[in-house]
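S.K.: I am attaching a structure below and will ask some questions about it afterwards.
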Amino acid sequence: MTAAVPERLDKFMARANAEYYASCDPFRDFVTAPEISQVFGELLGLWAAALWDLMGRPGRVIMAEAGPGRGTLMQDALRAIRQMAPAFHAALSLHLVETSPRLRVVQAERLEAAWHDRLEDIPPGPMILLANEFLDALPIRQWVRRNGLWIERYVADGAFVECLSAEDLGGAPDGRVIERCDVAHDLMRHLAARLGRDGGAALFLDYGPEHSAPGDSLQALRDGRPADPLADPGKADLTAHVDFAALAASAAPLGVVGPVPQGLFLARLGLFQRTDRLARGQDLQTAMRLVAASRRLAEPDGMGRLFKAMALCHPSLPTPPGFAA
Ligand code: SAH
């Protein structure tokens, strides 16, 4: 048997996830906030409407989403926008960034939009971008410190292969693991330049620590259960924690707000008031389901603490809703 040529971890992860999203139903493996409650997408829609207002109500604006999944978030957002901010609804054109042909079909059943493979392909102009659980799917690189040297992780035959790194990542104790998502950093630099030039804002919701923390956060979900990330590429969803602090540094000199815990962010946007209003007039079971869903999104032992919200904003904009008390 000949050994496979080792593939750098980010190349492996990009290939595995492209295959996974093209061939599997990711929503069998994990549940995301918009699939838990309609209120999530509605609040983000109203956040976008507030941003449009702060931007001076441009007559034409790009409303974009990266990694829209089933299109649920945007469908809920647009419904709320149509009701509460019809002038924004009339001004916006929808652009979706999605690489999976399979998910594009699902999205097209629910949304009228232009689709793009990459954020960089969205036409110029003022833009409001939403992205929930998008960054965590982007490919990471990993280094581990061994005997005072940095070793980069490659993958071959379902296992890590360690190769001496050409990059010096500074001093660290032996055994320390460091991750970096180069694609996400490129994206932040692109957005900083674009939003700085054309105006607008980008809101990211994802999971990761508030401050950069070393460690191995690569994980795989297969059939809804944790799995070996290196076995059977394309059969499991691979993710890693988002290093918000590092990404914020790449987005400078644009204004960055957050990260704030998702629970706090949603509560400030009126999660519980909106949930109460929806629950009123429903039968008891439906009302209790709505309340339970909102609590799951916001409570610290649900998604309220590990998930964070962070936004990039044109420097002329005041702090957007959700980021200040
Ligand atoms: N935002 C949705 C889906 C999250 S799953 C929700 O909250 O339910 C991740 C999404 O990002 C999927 O739609 C997936 O196909 C898409 N995706 C993953 N990697 C991508 C990439 N490199 N470029 C564009 N889209 C990507």
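S.K.: When ranked by the protection proxy of mean other Cβ atoms within 10 Å per residue, highest first, what sequence do the peptides 163-176, 299-312 form?
M.R.: 299-312, 163-176
S.K.: Here's something else I'd like to know. Sorted by accessible area with a 1.4 angstrom probe, largest first, how do H185, H211, H190 fall?
M.R.: Most to least solvent-accessible, the answer reads H211, H190, H185.
S.K.: How large a share of the accessible area of the range 34-101, in percent, is made up of carbon and sulfur atoms when the probe is 1.4 Å and the other protein chains stay in place?
M.R.: On the range 34-101, the fraction of accessible area on carbon and sulfur atoms equals 51 percent.
S.K.: For A325 and A193, what does the FRET efficiency come to when R0 = 25 Å and r is the distance between their Cβ atoms, rounded to the nearest 0.05?
M.R.: Once the sixth-power term is evaluated, E becomes 0.20.
S.K.: Whole number please: convex hull volume per residue, Cα atoms of the chain, in Å³.
M.R.: Hull volume normalised by residue count: 145 Å³.
S.K.: A follow-up question, please. Starting from the amide H of R146, placed 1.01 Å from N in the peptide plane, find each other amide H under 5 Å away whose residue is 5 or more places distant or on another chain.
M.R.: I151, G175
S.K.: Place a point 7 Å from Cα of Q83 in the direction of its Cβ. Which residues in the range 8-48 have their backbone N less than 13 Å from it?
M.R.: 38-46
S.K.: Loop-only check: which GluC sites (Glu not before Pro) in the range 74-145 are DSSP coil with at most 10 other Cβ within 10 angstrom?
M.R.: Loop-located and lightly packed - E109, E112.
S.K.: What number does the range 31-80 give for Rg over Rh if you use C-alpha atoms and the Kirkwood radius?
M.R.: Here Rg/Rh amounts to 1.01.
S.K.: So, one more: Let me cross-check H314: its accessible surface, 1.4 Å probe, with only protein heavy atoms counted, in Å² to the nearest 10?
M.R.: So the heavy atoms of H314 present about 50 Å² to solvent.
S.K.: Compute the accessible area per residue over the range 20-110, keeping the other protein chains in place, probe 1.4 Å, unit Å².
M.R.: Heavy-atom accessible area per residue stands at 39 Å².
S.K.: Using Cα centres only, tell me the gap between the range 88-148 and the range 274-325 in whole Å.
M.R.: Taking the Cα centre of each part, the range 88-148 and the range 274-325 sit 22 Å apart.
S.K.: Kindly provide the helix-only [θ] at 222 nm of the chain, computed as the sum of -39,500 (n - 2.57) over DSSP H runs of four or more divided by all residues, to the nearest 500 deg cm²/dmol?
M.R.: -11000 deg cm²/dmol
S.K.: Once the mean 1/r over all distinct Cα pairs of the range 210-279 is inverted, what Kirkwood radius in angstroms do you read off?
M.R.: 15.4
S.K.: Taking +1 at the Cβ of each Lys and Arg and -1 at the Cβ of each Asp and Glu, which of A248, L269, V144 sits farthest along the dipole of the chain towards its positive end, judged by Cα position relative to the Cα centre?
M.R.: L269
S.K.: How much of R277 can a 1.4 Å solvent probe reach, expressed as accessible area in Å² and rounded to 10?
M.R.: Solvent-accessible area, nearest 10 Å²: 140 Å².
S.K.: Considering amide H positions built from the backbone, and no H for Pro or chain starts, which residues 5 or more places from G234, or on another chain, come under 5 Å of its amide H?
M.R.: When sequence neighbours closer than 5 places are left aside, the close amide H contacts are Y20.
S.K.: E167 to R277: FRET efficiency via 1/(1 + (r/R0)^6), r the Cβ-Cβ distance, R0 51 Å, to the nearest 0.05?
M.R.: 0.45
S.K.: Using the Karplus curve 6.51 cos²θ - 1.76 cosθ + 1.60 with θ = phi - 60°, work out ³J(HN,Hα) for each residue of the range 237-242 in order, rounded to whole Hz, and write x for Gly and Pro.
M.R.: 7, 9, 9, 9, 4, 8
S.K.: I'm checking a number: the convex hull volume of the Cα atoms of the range 57-211, normalised per residue, in Å³. What is it?
M.R.: 153
S.K.: Moving to a separate point now. With a 1.4 Å probe and all protein chains kept in place, how do L46, L135 rank by accessible area, largest first?
M.R.: Ranked list, largest accessible area first: L46, L135.
S.K.: On to the next question. If amide H atoms are built 1.01 Å from N in the plane of the peptide, which residues on other chains or at least 5 residues away come under 5 Å of the amide H of V161?
M.R.: Hits under the 5 Å cutoff: Y154, V155, A156.
S.K.: Further question: Top to bottom by accessible area (1.4 Å), largest first, where do T319, T275, T286 land?
M.R.: T319, T286, T275
S.K.: Taking the full set of protein chains and a 1.4 angstrom probe, give the accessible area of D186 in square angstrom, rounded to the nearest 10.
M.R.: Using a 1.4 Å probe on the heavy atoms, I get roughly 80 Å².
The values are calculated or read from the model by the stated rules, or taken from the named source; none is laboratory data. This is a predicted model, so every value here is computed, not measured. When we count neighbours, we look across all protein chains shown, and the Cβ atoms used for this are built from the backbone with ideal geometry, even at glycine. Accessible surface is based on the protein model in full, side chains and every heavy atom, while ligands, DNA and RNA are left aside. Shrake-Rupley method; radii C 1.70, N 1.55, O 1.52, S 1.80 Å.
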